Amino acid sequence: KSISQMGESINNTLVMVRNIEDNLNETTNKLVEFKNSGVYSLLQTAISFNTDELASFISAPVAITTEDLYPITNYGSAMSPFYSVLSIWVGALILVAIIHVKVHPFDGTKVNSVEAFFGRYITFFLIGQAQALLITLGDLFFIGIQCIHPFKFWFAAAFTSFVFTMITYSLTVAFENVGEAAAVVIMVIQVAGAGGTFPIQCLPAIYQAIYKYLPFTYAMDALRECVGGTYSWYYWKCILALLVYVGICLFIGLVIAKPCRKLNAIVDKSKEKSEIMI
């Protein structure tokens, strides 16, 4: 009986051994196919790598080297063009608020509209230049911003003051109080949408569409060229771009102002009737 049971066990063991043999043959064939497929060689190459170097590559596959083309030492120097331009605009806006743009000639003196326009503007121009000079000296010597080209910085500020005073003055001459309000609205739009504090690409699409038409854009870029360093002729391109606004303002102050006089008179009478507006 024991011999019979041993025979059955041997038969079962034989079956198991044959199954193992079949599995080994199948595994061997798969390994041979794996070796011949080319993946095996890639695995060998990967295993042969230095593990430290491989880990370093996986953690940082790209090495970035930062090269500063126009370095600026601090954040204040980088923001000085925006706040300087904003100060110049506010100065020009205050001028039209405290100084009358209308000319009242002496008895017997005849003054045409062109003489009155440029004659009164001289006052705004001179005060605006004093404001620009004060802002420039404050930036350079009181605050101590970085400035590679100080003379160009002053010239850009002075030219910006010329353009901004012309804009606010022309709007006020043509539309009086409505023109002053328009100057405030333009300032708010430029503060938000001229790319002074954030890159223009980070702003809404409406600002990306109009920022090229705002004088703030070119005034700030001209001052930035002086702070960080000039690139080719871009500084003078900004100055020429600001000059375009002077022509537009002359057209508003000398041509559009004439048909608007009747409308301004009606607005003045309405203000007088209200007894609450100056």
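Comparing mean-square fluctuations of V244, V111, V17 from a GNM of the chain with C-alpha springs under 10 Å, the top value falls on V17.
Largest GNM mean-square fluctuation among D22, D52, D221, using the chain with Cα springs under 10 Å: D22. Size descriptors for the range 5-97: radius of gyration and Dmax over Cα atoms are 37.5, 119 Å.
Quick one: dipole size for the range 1-76, taken about the Cα centre, charges +1 on Lys/Arg Cβ and -1 on Asp/Glu Cβ, in debye to the nearest 20. Provide the component values of the computation, followed by the final result.
On the way: 4 positive and 9 negative charges, 102 e Å.
Approximately 480 debye in magnitude.
I want to verify a result. In a Gaussian network model of the chain, Cα cutoff 10 Å, which of these has the top mean-square fluctuation: Y121, Y40, Y234? Answer for the Gaussian network model of the chain: Y40.
Do the alpha carbons of any pairs in K102/K152; K110/K273; K102/K212; K152/K258; K237/K258; K102/K269 sit beyond 26 Å of each other, and which pairs? Intermediate values should be presented prior to the final figure.
Details: K102/K152 34 Å; K110/K273 31 Å; K102/K212 32 Å; K152/K258 38 Å; K237/K258 33 Å; K102/K269 16 Å.
In this structure, K102/K152; K110/K273; K102/K212; K152/K258; K237/K258 exceed 26 Å between Cα atoms.
Can you give the Kirkwood hydrodynamic radius for the chain, in Å, rounded to one decimal and based on Cα pairs? Don't skip to the end; give the middle numbers.
Numbers: mean 1/r = 0.0401 Å⁻¹.
With all distinct Cα pairs of the chain included, I get 25.0 Å.
Along the chain, the longest continuous region that contains none of the trypsin sites (Lys or Arg not before Pro) in a DSSP loop with at most 14 other C-beta atoms within 10 Å is 111-278.
By the helix-only formula, in which each DSSP H run with n ≥ 4 contributes -39500 (n - 2.57) and the sum is divided by residues, the chain has a 222 nm mean residue ellipticity of -24000 deg cm²/dmol.
Only helices reaching 30 angstrom along their own axis (Cα) with mean Kyte-Doolittle hydropathy no lower than 0.5 count here, and for the DSSP H runs of the chain these are 75-98, 113-137, 150-175.
Only loop residues by DSSP count here, and only those with at most 14 other Cβ atoms within 10 Å; note down the GluC sites (Glu not before Pro) in the range 1-109 that meet that.
Numbers: sites: E8, E21, E26, E33, E53, E67; in loops: E67.
The qualifying sites are E67.
Every number in this text was worked out from the coordinates using simple rules, so none of it is lab data. As the structure is a prediction and not an experimental result, all values here were calculated from the model. In this analysis, Cβ positions are derived from the backbone assuming ideal geometry, glycine residues included, and neighbour counts consider all displayed protein chains.
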